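Asks: One structure, as structure tokens, below. Some questions next.
The values are calculated or read from the model by the stated rules, or taken from the named source; none is laboratory data. Note that the structure is a prediction, hence the values are computed from the model and not measured. Heads up, the Cβs are rebuilt from the backbone with ideal geometry, glycines too, and the neighbour counts pull from every protein chain shown. To get the accessible areas, we keep the full protein, side chains included, count just its heavy atoms, and leave off ligands, DNA and RNA. Shrake-Rupley method; radii C 1.70, N 1.55, O 1.52, S 1.80 Å.
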Amino acid sequence: MINVGLIGLGTVGQGVARLLTERREFLARRLGTDLVLKKVAEINPERRAQANLKPEQIASRDRDILDDPEIDIIVELIGGTDVARELVLEAIARGRHVVTANKALLAHHGNDILAAAARHEVDVAFEAAVCGGVPLILALRQGLAANHIQEIFGILNGTCNYILTQMSQQGMSYSQALAEAQQQGYAEADPTLDVEGIDTAHKLAILVSLAYCTPLNLEPIAVSGISKLDPLDLQFAGEFGYAVKLLAITRNDGSTIEARVHPTLIPRDHMLANVSGAFNAVYLTGDAVGPILLYGQGAGMMPTASAVVSDILDLGRNLTRGVKCRVPPLGCNAALESPRQIKPLDEVVTNYYIRFAAWDRPGVLSQISGILGKHQISIAAVIQKGREVKGAVPIVMITHEALEANMRQALLEIDQLPIVSPPTVFYRIEDPHLHAAQI
Ligand code: HSE
């Protein structure tokens, strides 16, 4: 028999409790022994009252789980970073295996947690932390273990993808789409973590570590979210054949790695361009396997609970065989690897979409293109939309590959021109066809 202690009966906790309770026999058959939800700790009395559990299963204090010597696996589902960190570290120190869905916790404190787990020889599993129900962590830790991962493009936040889908398909503004996402229960009352790309960055930090066997490192990941997106740019991007997605991007050039989160233009025929609504998807390339696409629900009660329970079963299987720490949390022997550097954003080379608001006069384009040229930025396509309204007309450009530092410097200079109404808007493009076009 394996005993599970669950801390936190929020949406995901309720889903986990449901699966462990309603599928007890089914899971026992899979595991070969009984998997018991021994105790659930929840601080909120209403949630405790509403839980469909036996009174002896319910506790109000985390301590009731930490202090129970019969509990083998502790599942942390309270979210946040401070209390969760203390809890997880204490569970590890007491020799318990831990399952968590907490990406923020891992992104901020993952190195300490994994080091403690190694010292105490316990497992820490976190399948639900990235892309909810999609078994992406398992794929990176095990299924793709023979590969050097070359690049990963991820739609890792369902809230942002829902908002962007509403903006592009229904022509909504950002605030209309956000209100709609809140009404549908996709976005939180305070949506900052999602819409500013922070949740995506937490998840990317975990993917980078898994992909390249390097310590978790959130700080150098460049992040921008979707809250400033103007529907005009979605429309212009569409005219150039692009969809706009909030992408987590990481790429390995052999010496340094790129890791960045930002709204990105991708060709409309790219598989990720057709991922709509609140779904998540990851398109990654391994050197042996080639491209892989994983797609599914990255949030919600049952998809996330599905991932949490898969971790519980996996650890349960170890326990029934008397083994532990069989697969390292990041899938590699970190002691044999040196930490990888993340390239500063200024050193990234990519293609750009730029929208200027400029006077509609002879010579305007030549002034703008002169500054771009001075900074080694070559224009691949340009359109001017309509005639001047309120003193400015939108001019939209697609560039060939350029260095980010050059692009920023050029735009600083262009925004000083009297013929331009700042700030000029720019977004990065990921389009292999554009690279080919330059050659
Ligand atoms: N808030 C996240 C999303 C789910 O919208 O995808 C949990 O990471």
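Asks: Amide H of ALA59 versus every other amide H placed in the peptide plane: which residues, excluding those fewer than 5 positions away on the same chain, fall under 5 Å?
Replies: Residues meeting the criterion, in which the H sits 1.01 Å from N, are VAL40, ALA41, GLU42.
Asks: Relative contact order of the chain, please, whole-number percent, based on alpha carbon pairs below 8 angstrom and at least 6 residues apart.
Replies: 16
Asks: Further, regarding this structure: Give the accessible surface of region 265-390 per residue, rounded to a whole number of Å², with probe radius 1.4 Å and ligands, DNA and RNA excluded.
Replies: 52
Asks: Give a quick list of GluC sites (Glu not before Pro) in region 4-99 that DSSP marks as loop, anything other than H, G, I, E or B, with at most 11 other Cβ atoms within 10 Å.
Replies: Answer by residue number: GLU70.
Asks: Still on this model: With contacts defined as alpha carbon pairs under 8 Å and 6 or more residues apart, what's the relative contact order of region 84-197 in percent?
Replies: 18
Asks: Could I ask something else about it? Find the relative contact order for region 140-297 and round it to a whole percent, using C-alpha pairs within less than 8 Å whose residues are 6+ positions apart.
Replies: In percent, rounded to a whole number, it is 35.
Asks: When the accessible area of region 140-297 is computed with all protein chains present and a 1.4 Å probe, what percentage of it is carbon and sulfur?
Replies: 48
Asks: Let me ask something else. Given the -39500 (n - 2.57) contribution per DSSP H run of 4+ residues, what per-residue ellipticity at 222 nm results for the chain, rounded to the nearest 500 deg cm²/dmol?
Replies: -11000 deg cm²/dmol
Asks: How large, in percent, is the carbon and sulfur part of the accessible surface of region 346-438 at a probe radius of 1.4 Å?
Replies: In region 346-438, the share of accessible area belonging to carbon and sulfur is 56 percent.
Asks: Another one. Count the DSSP beta bridges whose two residues both fall in the chain, then state the antiparallel fraction as a percent rounded to the nearest 5.
Replies: 70
Asks: By average Cβ neighbour count within 10 Å, what is the ranking of 401-411, 194-204 from highest down?
Replies: Result, highest mean Cβ count within 10 Å first: 194-204, 401-411.
Asks: Just name one of ILE377, ALA402, ALA392: the one whose Cα is farthest towards the positive end of the charge dipole of region 356-403 (beta-carbon charges, Lys/Arg +1, Asp/Glu -1).
Replies: Sorting the options by dipole projection puts first ALA392.
Asks: Could you give the length gained on full extension between MET1 and ASP64, defined as 0.36 nm per residue of separation minus the Cα-Cα distance, in nm?
Replies: 20.7 nm
Asks: Could you give me the ³J(HN,Hα) list for region 55-65, computed from phi with Karplus coefficients 6.51, -1.76, 1.60 and θ = phi - 60°, whole Hz, x at Gly and Pro?
Replies: Those phi angles translate into x, 6, 8, 9, 10, 9, 10, 4, 4, 4, 8 Hz.
Asks: I'd like the distance between the alpha-carbon centres of region 315-361 and region 12-75, rounded to an integer number of Å.
Replies: Cα centroid of region 315-361 versus Cα centroid of region 12-75: 33 Å apart.
Asks: Just to be sure I understand: of the beta bridges DSSP finds with both ends in region 140-297, what percent are antiparallel, rounded to 5?
Replies: DSSP beta bridges in region 140-297 are roughly 95 percent antiparallel.
Asks: Considering only C-alpha atoms, what is the centroid distance from region 390-405 to region 106-149, in Å?
Replies: Result: 40 Å between the Cα centres.
Asks: Can you pull out the GluC sites (Glu not before Pro) in region 110-166 whose DSSP state is coil and whose Cβ has at most 11 other Cβ atoms within 10 Å?
Replies: Listed in order of number, the matching sites are GLU121.
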